[in-house]
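Okay, so here's the structure we're looking at.
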Amino acid sequence: MKIIKLNAIDSTNTYLKEASKNVTLEDGIVVVTNKQTEGRGQMGAKWQSKEGLSLSFSVFKRFDALSINEQSCISFVVSVGVKNALQKLQIPEVSIKWPNDILSYQKKLCGILIENQLEGNKIISSVIGIGLNVNETEFQELPFATSMKLASGNSYNLDEVLQIVFEEVLKELLSVENSETLSVKKKYEADLFRIDRVSVFENSEGYQFNGIIRGITNTGKLKVEIENETIQVYGLKEIKMLFS
Ligand code: BTN
């Protein structure tokens, strides 16, 4: 693993995105930091973690032959890679909450932020940011957050966890260019949180309804069965699952 360790940085994703504009980055290079001052989450959210207790890192991955229609495949395989790593580390009850939160016992222990660089209709590279709660035990005002330590009762060496997560994610990423979307999707759906169970959702207008997750589309949207066995398809900002 080629690794750049930084004591503090605004965001490891921003660092790699900027660096890729100025220099030729090595494929698979990792940037990890003890502290992010402006850690970024999905949909403009902030990502915060306590210095030295958790992992904040980004991987730069190049692609030769990936079309922009396959953007969601990157997101699927990264989630599967992180999930596999956590299972290997014997974290209990690991699942993937759409689109790419990783949970243990229904609480979030890892967030993923993927930023793709496009050229024409090809994805030429991705910056894959991973925030993993490792030894943190206090999450004030975040009732649905957890950590590896809270989930398993054990403390972890951050470098060892980084190595395992990196290996599992890279393994999945290396296969993405040669895999059928269908097989990638199947792997992702195998551990999808609340698949085939009734859940409560809220749409973008604030309307709450019951539905059953039936999987995802090729473009990464969520398929929800509502009344009369009708399947509705939702994009990122169009639905949220309420815990119940
Ligand atoms: C989310 O769940 O909202 C995604 C969180 C992603 C956080 C990671 S930490 C390393 C990388 N750098 C960032 O600024 N964000 C990602």
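Table for the structure above
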{"quantity": "Separation between Cα centres of segment 12-48 and segment 84-135, rounded to whole Å", "calculated": "15"}
{"quantity": "Those residues of segment 211-232 whose amide nitrogen sits under 18 Å from the label point placed on Leu118, 7 Å along Cα→Cβ", "calculated": "218-221"}
{"quantity": "Segment 62-185, accessible area per residue, ligands and nucleic acids excluded (1.4 Å, Å²)", "calculated": "43"}
{"quantity": "Cα gyration tensor shape for segment 44-110, rounded if a/c is under 1.5, else prolate or oblate", "calculated": "prolate"}
{"quantity": "Cα-Cα over 18 Å, subset of Lys108/Lys240; Lys83/Lys185; Lys122/Lys185; Lys50/Lys240; Lys61/Lys185; Lys88/Lys221", "calculated": "Lys122/Lys185; Lys50/Lys240; Lys61/Lys185; Lys88/Lys221"}
{"quantity": "Label-reachable residues, segment 165-184, where backbone N falls under 18 Å from a point 7 Å from Gln90's Cα toward its Cβ", "calculated": "165"}
{"quantity": "Extension gain from Asn228 to Gln48, taking 0.36 nm per residue of separation minus the Cα-Cα distance", "calculated": "60.6 nm"}
{"quantity": "Lys97 accessible area, assembled protein chains, probe 1.4 Å, Å²", "calculated": "30"}
{"quantity": "Solvent accessible area, Å² - Asp159, 1.4 Å probe, full protein context", "calculated": "90"}
{"quantity": "Tail weight of P(r) past 17 Å, computed on alpha-carbon pairs of segment 129-244, percent", "calculated": "69"}
{"quantity": "Convex hull projection area averaged over all views, segment 198-242, Cα basis, nm²", "calculated": "2.9"}
{"quantity": "Peptides ranked, highest mean first, by Cβ atoms within 10 Å: ranges 175-181, 12-18, 79-85", "calculated": "79-85, 12-18, 175-181"}
{"quantity": "With DNA, RNA and ligands ignored, accessible area of Ile4 (1.4 Å probe; Å², nearest 10)", "calculated": "50"}
{"quantity": "Global form of segment 82-173, assessed from the alpha-carbon gyration tensor, a/c cut-off 1.5", "calculated": "prolate"}
{"quantity": "Alpha-carbon radius of gyration plus Dmax, which is the widest Cα pair, for the chain in Å", "calculated": "17.6, 55"}
{"quantity": "Diffusion coefficient, µm² s⁻¹, Stokes-Einstein with Kirkwood Rh over alpha-carbon pairs of segment 1-77 at 25 °C and 0.890 mPa s", "calculated": "179"}
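The values are calculated or read from the model by the stated rules, or taken from the named source; none is laboratory data. These numbers come from a predicted model, not from an experiment. For neighbour counting, all protein chains shown are included, and Cβ atoms are generated from backbone atoms with ideal geometry for every residue, glycine included. Just the protein is used for accessible areas: all its heavy atoms, side chains included, with ligands, DNA and RNA removed. Shrake-Rupley method; radii C 1.70, N 1.55, O 1.52, S 1.80 Å.
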